[in-house]
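Below is one structure, written out as structure tokens; the observations come after it.
A short reminder: the numbers here are calculations on the coordinates, not readings from a lab. As the structure is a prediction and not an experimental result, all values here were calculated from the model. So basically every Cβ, Gly included, is an ideal-geometry build from the backbone, and we count neighbours across all protein chains shown.
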Amino acid sequence: MLGPTFFSRSAEIVAPALLGCVIRRKLDDVWLGVLIVETEAYGLNDPASHAFLGRTPSREPMWMNPGTIYMYHSRGGASLNISCDSGPAAVLIKAGIPITDDISPTKALAVMHKNNPSPDKTIQRPTKRLCSGQALLCRALRLSVPEWSGKAFDRKRLYIEARAAPPPIIATARLGIRSDRDDGRQTRFIHGTLAHAATSDPRTRRASTPGIDYVELPPSTSL
């Protein structure tokens, strides 16, 4: 289980280090598992950070101990973030991909599909896209703002497990930030071999230029 020491570093270091780690969520006596494939860093003095807008009760977790869960409602639903550094800073868990293993059995997939049905509910979402977005991820894991924001991870109910091996990384611009608050930093990080499960892969955009719109980085060993 990743603890405060892991999250005590800058958001820009923590965000890529989380790629390949696994979120474990116990629900109805079943451990759900989601491998993290996309994150966004919101560091200190970042105009795109919620903290830049001022300290409020709902944003207080960003000032709390490193590793505190910070959740808020985005347009599509709840979003999962984790406080970092000396605060206020956080990493947004942008997307993941469901996994099954000795901890998270096959029936965990059925639970996540039930939690996050397709909009018309007549077809099932593709498993590889079930958590491809911050709200989709929270819906599949049934994580709510009232239950988790401001709380610490709990090995009995919700925690993040260290990755088996560091993946190659894609660094690119963050998404959904207003132009007046976007200073152009490329602190959205994507798992290089599982980019198909991210919200979007900058390498597949027609007008995207390597080295300008995105950078491919070697595996990060900072765990």
Under 5 Å between amide hydrogens, which residues at least 5 positions from TYR214 or on another chain qualify, with H placed 1.01 Å from N in the peptide plane?
THR209
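Only four residue types carry charge here, +1 at the Cβ of Lys and Arg and -1 at the Cβ of Asp and Glu. Report the dipole size of the chain about the Cα centre in Debye, rounded to the nearest 20. Present the calculation step by step, with values, prior to reporting the outcome.
Values: 29 positive and 20 negative charges, 119 e Å.
Dipole about the Cα centre, nearest 20: 580 debye.
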Report the Stokes-Einstein translational diffusion coefficient (µm² s⁻¹, integer) for the range 115-223, Rh taken as the Kirkwood radius over Cα pairs, at 25 °C with viscosity 0.890 mPa s.
149 µm²/s
Considering lysine pairs in the range 4-165 that are 8 or more places apart or on different chains, how many have Cα atoms under 27 Å apart?
20
Give the residue from THR127, THR193, THR56 lying farthest towards the positive end of the charge dipole for the chain; charges sit on Cβ (+1 for Lys and Arg, -1 for Asp and Glu) and the dipole is referred to the Cα centre.
THR127
nm² value of the averaged projected area, convex hull over the Cα atoms of the chain
12.1 nm²
Report the Cα centroid-to-centroid distance between the range 174-203 and the range 61-116 in angstrom, as an integer.
17 Å
Around ARG9, which amide H atoms from residues at least 5 apart in sequence, or from another chain, sit under 5 Å from its own amide H, with H modelled in the peptide plane?
ASP85
For a quick protection proxy, order the peptides 187-197, 172-182 by their average other-Cβ count within 10 Å, most packed first.
187-197, 172-182
Find, among the trypsin sites (Lys or Arg not before Pro) in the range 65-146, those assigned to loop by DSSP (not H, G, I, E, B) with at most 13 other beta-carbon atoms within 10 angstrom.
ARG75, LYS121
Grab every C-alpha pair in the range 154-215, bin the distances at 10 angstrom width from 0 up to the longest one, and report whole percents.
19, 42, 26, 12, 2
For the range 77-84, 3J(HN,Hα) per residue [Karplus equation, 6.51 cos²θ - 1.76 cosθ + 1.60, θ = phi - 60°, Hz, x = Gly/Pro]:
x, 6, 10, 9, 10, 9, 5, 9
So what J values fall out for the range 184-190 if you push phi through Karplus, 6.51 cos²θ - 1.76 cosθ + 1.60 with θ = phi - 60°, rounded to Hz, Gly and Pro as x?
x, 5, 9, 10, 9, 10, 10
Amide H neighbours of ALA78 under 5 Å, at least 5 residues apart or on other chains, H built in the peptide plane: list them.
none
About its Cα centre, how strong a charge dipole does the range 58-176 have in debye, to the nearest 20, once Lys and Arg get +1 and Asp and Glu get -1 at the Cβ?
380 debye
